[in-house]
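Here, each number is a calculation from the coordinates, and none is a lab measurement. Worth saying up front: this structure is predicted, and the values here are computed from it rather than measured. Quick reminder, even Gly has a Cβ in these numbers, built from the backbone with ideal geometry, and neighbours come from all protein chains shown.
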Amino acid sequence: MHSYPSGNRLPKFAMPFFMRSLAFLALICLLSLFSRFGASAAPTTAARPNAARPNIIIYMVDDLGWNHISASQVTMGTHSENYRTPNLEKLANEGLSFTHAYAQPNCAPTRSAMLTGQYPARIHNDVYVVRSLSRFNKSAKEGFTKDTASFVPQKQSEDVAVEAITIAEALKENGYATAHIGKFHVGGHRGDETMPENVGFDINIGGFSQGHQPTCFSSKKDGEWIFAKVGLGHFDQWASPYNEAYVKEHNLPAGLVGSPKHISDAVGDALEDTVAKLAGSDKPFYLQFHTYAVHGPIKARPDLLAAAEKYAATKAQYSGFIASVDENLRRMRETLEDPNGDGDTADSIARNTLILFTSDNGGTHAANTPLKGVKGMLTEGGIRVPLIAHWPGVIPAGKVTDHKTHCIDFYPTCLELAGGKWTPDPDEHPLDGESFASVLLKPNAKKQSAREPIFYFFPGYMDIRAEPSAAVIDDIKGKRYYEYEADAWKLYCLSNDQPEANNLIKSKPGIAATLSKKIHDWLTQEHATWQPKYPTVKKTGKPSGPPPVL
C-alpha cells in the first residue's frame, strides 16, 4: 500500500514511466471560443498472436476515481490506505496498466463516446453532459448563474442517435454476440428505439435512460423482493435476501443470511448468468459490464463496511462500496474459468477473453489528490481514469504503459481485435478514436506510435464545475485549456505538474501557440457529421466559434 506523495513528487518506481514520453501539454481555453483537432482512424488489421478473436468485456465502474484503487501500477503509487482492491492488484500484476487513460468529464458523455467512437461534436453523438448544457449555478458567489453567464448554450441530446452505428452493431457485423448489464444512460429518454436491445445488444439487463441506482438494497413489496426503481426491474430476479447456500457459494460472512441483497451482488449474479449463456454460443462475445457502483447513494454491504471501518480513515461507506467492485472482478474471473459453474474448468474461456477495467469519469466522492478537480471538470481529476487490460497469454503480465488513451478508443480497438473485416463507412460514421490494440499486444515495442492529441470541447455550464471551454492533451510537454468566460488560455506540463498548479502560458508561448492551432483545426474540421455546438454570445447573438489562435 502507498500513501499520497507530498507535493508533485511521484514514487521513484513511477517516474520512468511518466517522464519517458508522457510530456503532456494541456491547453485550456477560457474565452468564448473552442477548438479541436480531429482525426478519424479506422482500425487496421494488425498482426497478432495466433489466438482466436477474443471475447471482450468492458468493466466500467461509475464515478471511480483514477487512484481510488490499490493497484500501484495504475495510480503511480498515489493512492491512499483508504482503498483496498486486491483483485484489481492481481489483475494489474497479470496484465497491462495504463497510467494516462482519459474519459469525458462525466458519465453520459463517456458512455456515448464509447458507444460511438466519436467526440460529442459528431451529430449522432451530441451528448456533451448529463441532462443539459444549461446547468447554471444557483448562486452568483461561485460559477455562473443564467443571468451572469456571457453565453447561451445550445440544446443537446441525451441519447445516442438512432442513426449512429454503435460498437455493438459493428461487432455484430464482425460475428460477435453482444450483451449489456447495468447502467446505460444514453438511450430510452425519447423512446424505445435507442434502448440497448435496439442498438445492437442481443441481451440487455437493466440498461435504459437511468443514470444511477435509487437504492443499494433490495426490499419487499407486495410479498415480492425487488430493487425498487432500479434497471426496469431486471435485477429483481436476484433480489431475494442472502441465504446459506448463496453465502457459502460466494464465500460471504454467515451473518448476511436473511439480510437484503446488495445491488452489487445482484449485478454480479446477472454477470454470472449472462457469461454462462454467452459461453455456450459458438460466437465470440462483447459484454458491457457497467456497474451502478460507485455512484451515489453510497451504501456498502454491511460486512464490507465493517471491514472498511478498520482500514479507511474516512469515508468507510465509499471504501466498502469500492470493495464490492473488486469482489465482482473476482466473480468475473472465476466465472470465465468455469462458465457453467459445475466445478470443472474444462469449459474455461479465460484465456480467450480480454478484460478492460475502467471508469466513466474522475472521482467525485473523495479527493483525487494529487490530481486537481473532480468529476465534471476538465482538470485531470475529472477526466483521468484507471485502465487495466488483461488477456492471459497474449498481453504480457505486470507491464505499465504511459500511452495515453481516451474512451473513444475502445471502439476501434475492439474492431481491430475482432478482425476488422467490417468497419463503419467513414462518410456515414467516422471514428474519432484510435486503436490501442498494438499497445495491448506489444507494450514494450520501442517504436510504439504516440497517440494523436486528445481534445475536449464543452459548450455549456455545469454548476460550479464547468463553463464553456476547450482543452487538448498532447505529447509535447503539456495540456492546454481555453475558457470562454475569461477569454484566456492556460497551459500546464503534466510531466512535472500533475496538480496543474503552474500556468506556463506566458513562459511557453511557442508551445501554447502550437496547441491553440491544433484546437482550432480540430474544431473547424470539415465533415458532414461534424457540427460543434458553439454557445451563443449574449452581447452579439452570434455563435462564439472556436477559441482564438495565439
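Values computed for the structure shown
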| quantity | calculated |
| --- | --- |
| Order of Ser139, Ser134, Ser112 under a 10 Å beta carbon neighbour criterion, fewest first | Ser139, Ser134, Ser112 |
| Simple spin-label estimate for Ile464 and Lys141 in nanometres, 7 Å along Cα-Cβ | 0.8 |
| Total formal charge among the other residues, if their Cβ is under 13 angstrom from that of Lys183, Lys/Arg +1 and Asp/Glu -1 | -2 |
| Rounded to 5, the percent of DSSP beta bridges in the chain classed as antiparallel | 55 |
| Cα-centred dipole magnitude for segment 257-326, charges only on beta-carbon of K, R (+1) and D, E (-1), debye, nearest 20 | 220 |
| Normalised alpha carbon radius of gyration of segment 347-435 [divisor 2.2 N^0.38 Å] | 1.33 |
| Computed log₁₀ I(q)/I(0) - Debye formula, equal Cα scatterers, no solvent, segment 61-182, q 0.21 Å⁻¹ | -1.13 |
| The chain: calculated mean residue ellipticity at 222 nm from DSSP helix runs of at least 4, using -39500 (n - 2.57) | -6500 deg cm²/dmol |
| Approximate shape of segment 399-468 as ellipsoid semi-axes (Cα gyration tensor, √5λ), whole Å, largest first | 27, 19, 10 |
| Order of Tyr534, Tyr128, Tyr482 under a 10 Å beta carbon neighbour criterion, fewest first | Tyr534, Tyr128, Tyr482 |
| Mean shadow area of the chain, taken as a quarter of the surface of its Cα convex hull (nm²) | 24.6 |
| Difference of contour (0.36 nm per residue) and Cα-Cα distance, Glu309 to Thr345 | 9.3 nm |
| Inter-label distance, nm, simple model (7 Å from Cα along the C-beta direction), Glu197/Lys538 | 4.7 |
| Sequence-separation-based contact order of segment 132-271, relative, with Cα cut under 8 Å and 6+ spacing, percent | 16 |
| Over the chain, relative contact order from alpha-carbon pairs under 8 Å, at least 6 apart, % | 32 |
| Förster radius 41 Å - calculated FRET efficiency between Glu163 and Lys446, Cβ distance, rounded to 0.05 | 0.45 |
| Shape call, segment 253-380: gyration tensor on alpha carbons, a/c limit 1.5 | oblate |
| Net charge contributed by nearby residues that have their C-beta within less than 11 Å of Ser348 (K/R +1, D/E -1) | -3 |
| Net charge contributed by nearby residues that have their C-beta within less than 11 Å of Pro412 (K/R +1, D/E -1) | -4 |
| D_trans [Stokes-Einstein, Kirkwood Rh over alpha-carbon pairs] for segment 407-550, 37 °C, 0.692 mPa s, µm² s⁻¹ | 189 |
| Rg over Rh [alpha-carbon atoms, Kirkwood Rh] for segment 125-212 | 1.13 |
| Hull-based mean projected area of segment 60-105, where the convex hull spans the alpha carbons, in square nanometres | 3.4 |
| Theoretical gain in end-to-end length, Ser281 to Asn243 [0.36 nm per residue, Cα-Cα removed] | 10.6 nm |
| Segment 398-486: relative contact order in percent, alpha carbon pairs under 8 Å with at least 6 residues between | 21 |
| Neighbour-count ranking [beta-carbon atoms within 10 angstrom, fewest first] of Leu271, Leu550 | Leu550, Leu271 |
